[in-house]
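Worksheet: one structure, shown below.
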Amino acid sequence: MSDTQVHSVGLLGYGAIGSEVAEAIDRGVAGRTVLRSILCRDLDKHAADIKHHSGVIFTNDPQKFFDSPAQIYIEAAGQDVLREYGPRILEFGCDLIITSIGAFTNDAFFNQMVDTADKYDSRMLLASGALPAVDWMSAAAPSGVESISITQIKPVKSWIHTPASELVNLHTLAESTCFFEGTAREAARMFPKSSNITAMLALATIGLDHTRVKLFADPINPQMKTIVEFKSKVGHLTVECQGIPTQKNPSTGANVPLSVIKALRNMTSTVFYGI
């Protein structure tokens, strides 16, 4: 593709992530892209947005969505949607930006997606989401990793309607409390809407079964805190970041859609930052 070509985008999902990405494309801050189509569940819920995105195919019909092909697709709708439509998109020979990284805790599905991408000359682009410093750690990992861990501390409301409520009484917590400790595979599988970040770290470094995870519910701090500790033969890294939940979904960090927007800029612009 020419560097000056405008790339058409198909967006799966119009929630906390998808709506922000769509708005960024409209404002011209997501690289050389144009929004072609949006696939969502509830059209009535988004009646005002349908009018706002005039000229964009806004539908809950998958066939209508795919009848208007795009060059880049973005999955921002959850693991079930990725499993249902991911292989089909890769068969088009298109690039697919993926936010629901936790779906890849299933090795068979991950291998299926990789094999499909290889066969049809397409690409799976795993969004870094709320994970800090993934470029540095991914570069250092082949040197040999001595240890790696990630701790997620989120407000109590971020864990409501998740299995956390079965592990600890979220409504009576008086202080930040660890309710889960295990591997990235376990964390991302148990908390598919809250811990995609753990799967991203694991897949980018030493694997799902060797990355240690702790999850905390905090009744006091309204922000999200992520702490990563990484030791390798070429260097050590400790990073702590404070994130803010999106207004539309308390389980999603506000910087997650920004990571997708950055990916679009890198994919469609002359200069690629952070490769």
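Each reported figure results from applying straightforward, stated rules to the coordinates on display, with no laboratory input. As the structure is a prediction and not an experimental result, all values here were calculated from the model. FYI the Cβ positions are ideal-geometry reconstructions off the backbone, even for glycines, and counts take in every protein chain you see.
A compact table of results
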| read-out | value |
| --- | --- |
| Share, in percent, of DSSP beta bridges within the chain that are antiparallel, nearest 5 | 45 |
| Longest exposed-site-free window of the chain, the sites being chymotrypsin sites (Phe, Trp or Tyr not before Pro) in a DSSP loop that have at most 15 other C-beta atoms within 10 Å | 1-271 |
| Antiparallel DSSP beta bridges within the range 143-222, as percent of all bridges there, nearest 5 | 45 |
| Extension gain, His236 back to Ala133 (0.36 nm per residue minus Cα-Cα distance, nm) | 35.9 nm |
| Per-residue Cβ neighbour rank within 10 angstrom, fewest leading, His210, His53 | His210, His53 |
| Shape parameters for the range 21-103, alpha-carbon atoms, Rg then Dmax in Å | 12.7, 33 |
| Sequence of Val271, Val21 once ranked by neighbouring C-beta atoms within 10 Å, starting from the fewest | Val271, Val21 |
| Unit charges on C-beta of K, R, D, E only; dipole of the chain, Debye | 360 |
| Computed Rg/Rh of the range 134-243, alpha carbon atoms with Kirkwood Rh | 1.00 |
| Chain lengthening between Asp44 and Thr270 when straightened (0.36 nm per residue, less Cα-Cα) | 77.5 nm |
| Label-point separation, Val34 to His171 (7 Å along Cα→Cβ), nm | 5.2 |
| Over the chain: helical MRE at 222 nm, DSSP H runs n ≥ 4 each giving -39500 (n - 2.57), nearest 500 | -9000 deg cm²/dmol |
| Lys pairs under 30 Å by Cα in the range 134-243, provided they are eight or more residues apart or on distinct chains | 14 |
| Coarse-grained scattering of the chain at q = 0.09, 0.10, 0.15, 0.17 Å⁻¹, given as base-10 log I(q)/I(0) from a Debye sum over alpha-carbon atoms | -0.42, -0.52, -1.16, -1.42 |
| Taking Ile197, Ile98, Ile160 and counting other C-beta atoms within 10 Å, the order from fewest to most | Ile160, Ile98, Ile197 |
| Dimensions (Å) - the range 183-260, Cα atoms, principal axes, largest first | 40, 28, 25 |
| Cβ-based net charge around Val81, under 13 Å, with every Lys or Arg adding one and every Asp or Glu removing one | +1 |
